[in-house]
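Asks: Here it is, the structure in full.
The values are calculated or read from the model by the stated rules, or taken from the named source; none is laboratory data. Just so it is clear, the model here is predicted, and its values are computed rather than measured. Cβ sites come from the backbone with ideal geometry, for glycine too, and all protein chains shown count toward neighbours.
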Amino acid sequence: MADQLYLSLWFPNFRFEALPAALTSVLRQFALVSGNPEAKRVVAATVYPINFTESPTYQRIYVNDDRSEDTSDSIIENAVAEATEHLHDDMAVEFEMQWNLWSPELGAIASRRNQSLPDIDLDSETGEESADAQLDPLWKLRPTTVRVLGFGPQFDDAGFEQNGHIRVDFGLDTPWVMDDTLEDEALDELAQKRIQQNIEMLLAFTLSVEKHCGISSRLLWTESGEPLAEKLIARLQRLN
């Protein structure tokens, strides 16, 4: 079953005053690996008091397309500065970002399977997809929302001890497992390649944060407690 996927980050000798700078650093790393040309822009920002059951004290949704004459407020540094200007130690701040992940066109996959169409062609010399295969409509890069949260030390009864000073919420783990999306027989060579590319992006972001953000520890975890790596291994073992 699909499961919520998180990355928790802790910083050494962390002080609440350093939270805006730490958030900015993590968001920058996300923008670098996201593969989304608009990734340097924040999609939305929200501040929660006390715990998540309370109504937000601040919320802003940014318009980053042709409808807006000026999108400078959504630049990472500007959005973080505005959202954290009146932040207290019993608050949490959340930033929505987007990156591009591969996802299947389920209708096209089902149609292709029913019609017994040929598999994706690979270039005989390079082993890579041919030009025609690269235009295959079965998989598309789609913007996917990621939420980056920073926790004040008194928010939700010091929940940062479990969640991290900063927590990245990737949403459901479907892009990396496809367990509830694709049947085993649909997990062909192209599907495995697309999932691998999604995994590489996840790992690139995680390693970039570890290298550049000065964290003391990190934890990639799921809501059910089942490690993502074990789910991937179990998925691949069913194919062999």
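Asks: Kindly establish whether Ser224 is surrounded by fewer than 19 Cβ atoms within 10 Å (Cβ to Cβ) and modelled with pLDDT under 95.
Replies: Working: surrounded by fewer than 19 Cβ atoms within 10 Å (Cβ to Cβ): yes; modelled with pLDDT under 95: yes.
When the stated conditions are applied, Ser224 passes them.
Asks: Now for a separate question. Would you please list the contacts, defined by Cβ atoms under 8 Å and residues six or more apart or on different chains, that run from a residue in region 199-211 that is without any contact (Cβ under 8 Å) to a residue 40 or more places away in the chain to a residue that is assigned to a helix (DSSP H, G or I) and of a type outside the set (S, T, N, Q)?
Replies: Qualifying pairs under 8 Å: Ile199/Trp176; Ile199/Leu232; Leu202/Trp176.
Asks: Okay, moving on. Of the residues Ser130, Ser103, Ser116, which is hydroxyl-bearing (Ser, Thr, Tyr) and either at pLDDT 85 or above or touching a Cys at 6+ places or on another chain (Cβ under 8 Å) (or both)? Steps first, answer last, please.
Replies: Details: Ser130 fails: either at pLDDT 85 or above or touching a Cys at 6+ places or on another chain (Cβ under 8 Å) (or both); Ser116 fails: either at pLDDT 85 or above or touching a Cys at 6+ places or on another chain (Cβ under 8 Å) (or both).
So the residue among Ser130, Ser103, Ser116 that is hydroxyl-bearing (Ser, Thr, Tyr) and either at pLDDT 85 or above or touching a Cys at 6+ places or on another chain (Cβ under 8 Å) (or both) is Ser103.
Asks: If I filter region 28-41 for residues that are under 23 Å from Arg218 (Cα atoms), of a type in the set (Val, Ile, Thr) and at pLDDT below 95, do I get at least one hit?
Replies: Yes, that holds for at least one residue.
Asks: Right, Trp176: modelled with pLDDT of 90 or more, part of a helix (DSSP H, G or I) and hydrophobic (A, V, I, L, M, F, W, C) or not?
Replies: It is true that Trp176 is modelled with pLDDT of 90 or more, part of a helix (DSSP H, G or I) and hydrophobic (A, V, I, L, M, F, W, C).
Asks: Could we say that Ile215 is touching a Cys at 6+ places or on another chain (Cβ under 9 Å) and either closer than 25 Å to Asp89 by Cβ or at pLDDT below 95 (or both) here?
Replies: no
Asks: In addition: When you check Ser124 against the structure, is it touching an Asp or Glu at 6+ places or on another chain (Cβ under 8 Å) and at pLDDT below 85, yes or no?
Replies: no
Asks: Would you confirm, using the coordinates I've provided, whether Asn64 is surrounded by fewer than 18 Cβ atoms within 10 Å (Cβ to Cβ), within 21 Å of Ser216 (Cβ to Cβ) and modelled with pLDDT under 95?
Replies: No, not satisfied.
Asks: Another question, if that's okay. Among the numbered criteria (1) at pLDDT 90 or above; (2) more than 20 Å from the chain's Cα centre (by Cα); (3) not in a loop (DSSP other than H, G, I, E, B), which one does Glu161 miss?
Replies: With respect to (1) at pLDDT 90 or above; (2) more than 20 Å from the chain's Cα centre (by Cα); (3) not in a loop (DSSP other than H, G, I, E, B), Glu161 is out only on (1).
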